[in-house]
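Let me begin by presenting the structure, written as structure tokens, before commenting on it.
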Amino acid sequence: MPRILPCTGMFWQVLQRDPAGKERSGQVQPVKEWRIHLGAHKTATTHVQDTLLAHRDQMARRGVDYIPREAFGPLQRRYSNPGHWRRRFWSRPLANQFMRQAQALRGGAETVLVSDEDLLGYSDGLLSPVFYPSFRGAHIVTEMQKTAPVTLFLGVRSYDRLLPSAYAQMMKSFAPDPYWQSRLGADVLKTPPSWFDLIERLMAAFPGAALRVWRQEDYSAHWQKILTAFAGRNVGAFPQIPPPTRTTSPSQEAIHQAEALDRSLSVEERRMRVKKIFYNDGPDAVAGTPFRPYQSETVSALRQKYEQDLQRIARDYPDMLIRIE
């Protein structure tokens, strides 16, 4: 029987059969390559995932499978939640169990795509002085490396837009943390963010894996080319899909109203209240000016830092950046 799994902004039917529509017979080819998108939050990751899912059948006909995030995400979280016994007692039997369950999600093609932002951590990992200080799913990626070559992909974005978006994301579930708020002012320049640092730590954590990087600013205009690069071959034109409705940035007024909510609210109650405020779902909804917390001098400094990091990546890793001509 098919399972109906949620996808941000829409619902998709994810079938336990191959993407061509035939019932699975167990004749699944061994994986020859994993292509894993470590979807940093607020870098158009939801659009990547929704588009790949909508194009899954067509990619399968060209030898590329995508394991939907709606199926892979819950599985990897069962094994990577720091408080869960499966993570605390990670071992060879558990690693084998995870891989068997991951293999069961495949459609059969030898090149397999995965996109999951929670492999890196959560949005607050972008509000740390070190991006994603501990890679939540490092043990899972390492295990996948043992079964086939891995190519990693990462989207990056200018810091002056990235950090406010990450803060807004955290407001959906949690009361504002004073340190998160400090990252939205001039103090951020005392310990500026760095994609270059994250990339160096990824290279050290996953020796033997290739890493490709694209700019979110390029993705916005050239997502067809970038998704083709992610697939590793021509898989046809990707479909135009409606933009996600639950990942857009809320207004400054909406952010301030979410910050003023009772700090004692449960996570569930806060999510319900913030949803109404952010997305005009009720009488508490607020529309207004864009949320741009940085002063112009800080914006300039953060943009300069972003460009410097991109230049360092291009200098030290010449083939890493996906360039759109």
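The values are calculated or read from the model by the stated rules, or taken from the named source; none is laboratory data. Computed from a predicted model, the values in this text were never measured in an experiment. Here the Cβ positions follow ideal geometry from the backbone for every residue, glycine too, while neighbour counts run over all protein chains shown. Note: areas computed on protein heavy atoms with side chains; ligands, DNA, RNA excluded. Shrake-Rupley method; radii C 1.70, N 1.55, O 1.52, S 1.80 Å.
Between S182 and Q304, take the C-beta separation as r, use R0 = 25 Å, and let me know the FRET efficiency to the nearest 0.05.
For S182 and Q304, the calculated efficiency is 0.75.
What distance in nm separates the simple spin-label points at R62 and T147, each placed 7 Å from Cα in the Cβ direction?
2.4
Based on the alpha-carbon gyration tensor of the stretch 78-196 and its eigenvalue square roots a ≥ b ≥ c, which shape applies: rounded if a/c is under 1.5, prolate if not and a/b is larger than b/c, or oblate?
In terms of gyration-tensor shape, prolate.
Sequence-distant or interchain residues sharing an amide H contact under 5 Å with H84, placed H: which?
Hits under the 5 Å cutoff: none.
Could the peptides 138-149, 314-325 be put in order, highest first, of the mean number of other beta-carbon atoms found within 10 Å of their residues?
Peptide ranking by packing, descending: 138-149, 314-325.
Give me the dipole magnitude in Debye, nearest 20, for the stretch 189-325 about the Cα centre, with unit charges on the beta carbon: positive for Lys and Arg, negative for Asp and Glu.
200
Using a Förster radius of 41 Å, what is the FRET efficiency between M99 and E297 based on their Cβ-Cβ separation? Nearest 0.05, please.
So, using R0 = 41 Å, E works out to roughly 0.25.
Taking the highest mean first, how do the peptides 91-100, 155-164 order by number of other beta carbon atoms within 10 angstrom per residue?
Details: 91-100: 12.9, 155-164: 22.3.
Packing order, densest peptide first, comes out as 155-164, 91-100.
Could you check the simple spin-label distance between N81 and A314, using points 7 Å along Cα→Cβ, in nm with one decimal?
Each label point is offset 7 Å from its Cα along the Cβ direction, giving 4.4 nm.
Summarise the accessible area of the stretch 135-255 (1.4 Å probe, protein heavy atoms) by the percent that is carbon and sulfur.
That share works out to 56 percent.
What ranking, highest mean first, results for peptides 29-42, 109-122 when packing means the other Cβ atoms within 10 Å averaged over each residue?
Sorting 29-42, 109-122 by mean packing, highest first, produces 109-122, 29-42.
Residues of the stretch 125-153 with amide nitrogen under 14 Å from the 7 Å Cα-to-Cβ point of R88?
It comes to no residues whatsoever.
Need one number: nm distance between label points at H256 and Q224, each 7 Å from Cα along Cα→Cβ, rounded to one decimal.
Reported label-point gap for H256 and Q224 is 4.3 nm.
Students often get this wrong, so try it: which of [x] 177; [y] 150; [z] 118 is volume of the Cα convex hull per residue in Å³ as calculated from the structure shown?
Looking at volume of the Cα convex hull per residue in Å³ for this model, the match is [y].
Pop out the ³J(HN,Hα) list for the stretch 59-74 in order, Karplus 6.51 cos²θ - 1.76 cosθ + 1.60 with θ = phi - 60°, rounded to Hz; leave Gly and Pro as x.
Here the 3J(HN,Hα) series is 5, 4, 5, 10, x, 10, 10, 10, 7, x, 4, 5, 9, 6, x, x Hz.
Might you tell me the accessible area per residue for the chain, computed with a 1.4 Å probe and given in Å²?
For the chain, the solvent-accessible area averages 46 Å² per residue.
In the structure shown, do any of K42/K275; K42/K172; K146/K225; K190/K305 have a Cα-Cα gap over 21 Å, and if so which?
K146/K225
In whole Hz and in residue order, list the ³J(HN,Hα) couplings for the stretch 80-91 that follow from phi through the Karplus curve 6.51 cos²θ - 1.76 cosθ + 1.60, θ = phi - 60°; x for Gly and Pro.
For the stretch 80-91, the Karplus-derived couplings read 10, 4, x, x, 8, 4, 5, 6, 5, 10, 3, 7 Hz, x marking Gly and Pro.
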